[in-house]
Amino acid sequence: VGELAGAYLAAPLNDHFGRRAVFLCASVCVIAGAIVQLSSHGSEGLIVLGRILIGLGIGQFTVTCLLYIGEVAPTAIRGPALMMFQLMQSCSQLVGSAITQATSNIDNKDSYLIPFGILIVLPGVLILLLPFLSESPVWYINKDKMEQAENALRKINRSSPGYNPAHDLRVLQQ
């Protein structure tokens, strides 16, 4: 339910606030959900509320990551980059299952608190790295902020000497 609602909310949030803001919102949802679960003291209602909050974040992440990769990845690697997102998502689910399985034999509440607590790590790292992430040039173009779009393209393509964003701006405006 949370993932479905998060995915539906992601489109208007991305259009209005931009990709970086949605990454922040999704991170806050996941961290809030993990904190609610950690402080639930076994209350089923709070655990469900925490799962819904985490789902809201995961739904927003899934939609926004694919959108962002599609907008900023160079054409030559766009397909492989999108496939790597799916692979990494599957790998993270496998790691999550392994952590849950590994802690299931602990004979106290740590068996569920450890996996809940680990949920805070990745969104926490993303929040710390968010200031270094360029906003999507497409979002700037849609907001008619062409200078910011050009600056975002230059930042994204800074490893290409002599990069001229004029062609990419024309393509993205279509």
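The values are calculated or read from the model by the stated rules, or taken from the named source; none is laboratory data. Nothing here was measured: the structure is a model prediction, and the numbers come from that model. Here the Cβ is made from the backbone with ideal geometry for all residues, glycine too, and neighbour counts use every protein chain on show. Calculation scope for accessible area: heavy atoms of the full protein, side chains included, ligands and nucleic acids excluded. Shrake-Rupley method; radii C 1.70, N 1.55, O 1.52, S 1.80 Å.
One table, with the values for the structure above:
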item: All positions within segment 152-170 that are of a type in the set (Gly, Ala, Ser) and over 18 Å from Tyr140 (Cα atoms); result: Ser159, Ser160, Gly162
item: Criterion: open to solvent by 70 Å² or more (accessible area, probe 1.4 Å) and hydrophobic (A, V, I, L, M, F, W, C) - qualifying residue of Leu82, Leu122; result: Leu122
item: Residue within segment 56-76 that is open to solvent by 60 Å² or more (accessible area, probe 1.4 Å), under 30 Å from Ser111 (Cα atoms) and either hydrophobic (A, V, I, L, M, F, W, C) or modelled with pLDDT of 95 or more (or both) present; result: no
item: Among the candidates Pro123, Pro80, residue that is closer than 25 Å to Pro165 by Cβ, modelled with pLDDT of 90 or more and in a helix (DSSP H, G or I); result: Pro80
item: Ser104 among the polar types (S, T, N, Q), under 30 Å from Ser39 (Cα atoms), modelled with pLDDT of 90 or more and surrounded by fewer than 16 Cβ atoms within 10 Å (Cβ to Cβ); result: yes
item: Filter result for Leu94 (within 22 Å of the chain's Cα centre (by Cα), within 19 Å of Leu66 (Cβ to Cβ), of a type outside the set (S, T, N, Q) and open to solvent by 60 Å² or more (accessible area, probe 1.4 Å)); result: no
item: Selection count where residues are of a type in the set (Gly, Ala, Ser), farther than 24 Å from Tyr8 by Cβ and in contact (Cβ under 8 Å) with a residue 12 or more places away in the chain, scope segment 49-95; result: 1
item: Pairs with Cβ under 6 Å, 6+ apart, first in segment 130-149 and without any contact (Cβ under 8 Å) to a residue 60 or more places away in the chain, second open to solvent by less than 80 Å² (accessible area, probe 1.4 Å) and part of a loop (DSSP other than H, G, I, E, B); result: none
item: Flag if Val63 is touching a helix residue (DSSP H, G or I) at 6+ places or on another chain (Cβ under 6 Å), in a helix (DSSP H, G or I) and either closer than 30 Å to Glu150 by Cα or among the aromatic types (Phe, Trp, Tyr) (or both); result: yes
item: The one condition in (1) closer than 26 Å to Ala32 by Cβ; (2) free of Cβ contacts under 8 Å to residues at least 60 places away in the same chain; (3) of a type in the set (Gly, Ala, Ser) that Ser159 fails to fulfil; result: (1)
item: Residues located in segment 7-53, provided they are open to solvent by 30 Å² or more (accessible area, probe 1.4 Å), among the aromatic types (Phe, Trp, Tyr) and closer than 20 Å to Leu126 by Cα; result: Phe17
